[in-house]
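Novice: Here it is, the structure, as structure tokens.
Laboratory data are not the source of any read-out in this text; all were calculated from the coordinates shown. Keep in mind that this is a model prediction, so the values were computed, not measured. Cβ placement follows ideal geometry from the backbone for every residue including glycine, while neighbour counts extend to all protein chains displayed.
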């Protein structure tokens, strides 16, 4: 999947994450987290695994995490990627791409 436009998903509320995806060369991740020391490595793995499953190879991803669970991070990344590709709600296989 190709990132065409910048897109955002999520909020800055407690137990959520705000994910921004933008076109880029290669994959890069900027991560800020309230639980960085404990879960930073796991968050990075979750983001990159989700991008790989979606077929994203070129993107700059920014994540501001406020203690979100892995399932929330996956959902936010998936949503931001689909928004950036201009997919309509009818074309999105919610919950069917990421397992």
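Novice: How high is the relative contact order of the chain, in percent, counting Cα pairs under 8 Å that sit 6 or more residues apart?
Specialist: 41 percent
Novice: Please report 16, 65, 70 as a ranked list, fewest other C-beta atoms within 10 angstrom at the top and most at the bottom. Provide the component values of the computation, followed by the final result.
Specialist: Numbers: 16 19, 65 25, 70 15.
With the sparsest Cβ surroundings first, the list reads 70, 16, 65.
Novice: Residues in the stretch 39-67 near a label at residue 8, defined as backbone nitrogen under 17 Å from the 7 Å Cα→Cβ point?
Specialist: Under 17 Å, as judged by backbone N against the label point of residue 8, lie 60-66 of the stretch 39-67.
Novice: From the Cα trace of the stretch 7-87, what convex hull volume per residue do you get, rounded to a whole Å³?
Specialist: 73 Å³
Novice: On a 0 to 90 degree scale, rounded to 10, what angle separates helix 36-54 from the longest Cα axis of the chain?
Specialist: For 36-54 against the chain, the angle is about 10 degrees.
Novice: Another question, then. Applying 1/(1 + (r/R0)^6) with R0 = 25 Å to the Cβ-Cβ distance of residue 70 and residue 22, what FRET efficiency is obtained, to the nearest 0.05?
Specialist: Between residue 70 and residue 22 the formula returns 0.65.
Novice: Let me ask something else about it. If you count the DSSP beta bridges with both ends in the chain, what percent of them are antiparallel, to the nearest 5?
Specialist: Values: 9 of 16 bridges.
Once the DSSP bridges in the chain are tallied, antiparallel ones form about 55 percent.
Novice: How much mean residue ellipticity at 222 nm does the chain get from its helices, if each DSSP H run of length 4 or more adds -39500 (n - 2.57) and you divide by all residues, to the nearest 500 deg cm²/dmol?
Specialist: Here the helix-only value at 222 nm equals -11500 deg cm²/dmol.
Novice: Quick check: the angle from helix 70-84's long axis to the longest principal axis of the chain, C-alpha only, nearest 10 degrees?
Specialist: The angle comes out at about 40 degrees.
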